[in-house]
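Reading through the structure tokens given below for one structure.
The values are calculated or read from the model by the stated rules, or taken from the named source; none is laboratory data. Treat the numbers as computed from the prediction; the structure is a model and nothing was measured. Cβ sites come from the backbone with ideal geometry, for glycine too, and all protein chains shown count toward neighbours. Ligands, DNA and RNA are excluded from the accessible area calculation, which covers all protein heavy atoms including side chains. Shrake-Rupley method; radii C 1.70, N 1.55, O 1.52, S 1.80 Å.
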Amino acid sequence: TINMDTTLALGRFPRIGQTEISNSRMLCPGGKGLNQAVAIAKLEGSVALIGKVGKDYAGSEIWDHLQSSGVNMEYVRRTSRDSTGNAYICVQEDGESGIMVYNGANDLLTSEEIRDSGGAFEGAEYCLLSTELDLDVIETAAQMAWERKVKIIIKPAALDRIDDSLLQKTDIFLPNERESSLLCPGEKGFEEQADYFLKKGAKQVIITLGY
């Protein structure tokens with residue numbers, strides 16, 4: 001995903017019907033796809049990003065940020081049909097956070113556009129997939145990477161189930177502890193949860209502690 005992130009610092013999250021005042025607001029390009037692409041580029045790796053942004057101010061800011069960071073922009077598309085995705089991140093004093101996302105242009109990325117982005121997979125070592133996109137788009141990207149023997153990393157955000165066929169193509173499955181518990185509620189321990197994903201077909205499982 002490609003978003004413009006708004007981060008608000010709060011003493012604590014507001015309860016229903018309550019109002020909390022933030023003493024800090026930060027606006028910056030974000031989204032799992034963008035963040036990972038920029039990190040790889042800054043480490044002097046070669047990285048191509050597939051995604052979609054709006055033809056709005058946020059989209060222009062993100063476009064400039066990606067270009068200046070050295071990310072291959074050939075497969076990032078712009079659309080006038082919706083605004084750039086937005087994420088609203090609330091961070092408590094104790095470090096706990098909650099995120100609300102408006103997917104916007106991210107939801108307009110299609111499987112056909114993924115297939116038209118085949119050049120991004122050629123010669124690649126890894127394909128990082130975030131499941132905040134349409135599942136058909138994710139499955140298409142996974143299939144294209146798998147056919148080209150590109151190692152697949154999946155970060156299962158905003159999912160309450162994941163198909164075995166997708167796990168079977170996954171080289172590294174990377175949920176946090178809450179995502180892991182949600183995807184296999186019958187297993188209470190992290191080791192048991194990891195074993196569940198391995199039995200479903202994932203080659204390696206990393207459960208990150210903390211949210």
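For this structure, a couple of remarks:
- Accessible surface ranking for 100, 73, 1.4 angstrom probe, highest first: 100, 73.
- Phi-based couplings in Hz for the range 120-136 (Karplus 6.51, -1.76, 1.60; Gly and Pro marked x): 5, 8, 5, x, 6, 8, 9, 10, 9, 10, 9, 8, 6, 8, 4, 4, 4
- Residues whose amide H lies under 5 Å from that of residue 205, counting only those 5 or more places away or on a different chain, are 173; hydrogens are built 1.01 Å from N in the peptide plane.
- Ordered by solvent-accessible area of protein heavy atoms (1.4 Å probe), largest first, the residues 148, 15, 77 come out as 15, 148, 77.
- For the range 18-23, Karplus couplings with θ = phi - 60° (6.51, -1.76, 1.60), whole Hz, Gly/Pro x: 9, 10, 10, 9, 8, 9
- Taking amide hydrogens as placed 1.01 Å from N in the peptide plane, the amide H of residue 76 sits under 5 Å from those of 51, each at least 5 positions away in sequence or on another chain.
- Solvent exposure of the chain amounts to 56 Å² per residue of accessible area, where only protein heavy atoms count and the probe is 1.4 Å.
- Three-way shape call for the range 17-67 based on the alpha-carbon gyration tensor, with the a/c threshold at 1.5: prolate
- For residue 131, net neighbour charge (Lys/Arg +1, Asp/Glu -1) across residues whose Cβ lies under 12 Å away: -4
- Overall form of the range 80-211 per C-alpha gyration tensor (a/c, 1.5; a/b vs b/c): oblate
- Centroid-to-centroid separation of the range 94-159 and the range 1-41 [C-alpha atoms, Å]: 21 Å
- Once all protein chains are placed together, residue 28 keeps about 40 Å² accessible to a 1.4 angstrom probe.
- Contact order relative to length of the chain, as percent, for alpha carbon pairs under 8 angstrom and 6 or more apart: 16 percent
- Amide H contacts of residue 121: none lie under 5 Å away among residues 5 or more positions distant or on a separate chain (H built 1.01 Å from N in the peptide plane; Pro and chain starts excluded).
- For the range 11-70, applying the loop criterion from DSSP together with a ceiling of 11 other beta carbons within 10 Å to the GluC sites (Glu not before Pro) yields 44.
- Highest-MSF residue in the chain out of 108, 27, 183 [GNM, Cα springs under 10 Å]: 27
- Flagged links, alpha-carbon separation over 21 Å, of 42/169; 32/199; 169/199: 42/169; 32/199
- Within-13-Å neighbourhood charge of residue 89 [Cβ basis; K, R +1; D, E -1]: 0
- Shape category assigned to the range 1-158 from the gyration tensor of Cα positions, a/c cut at 1.5: prolate
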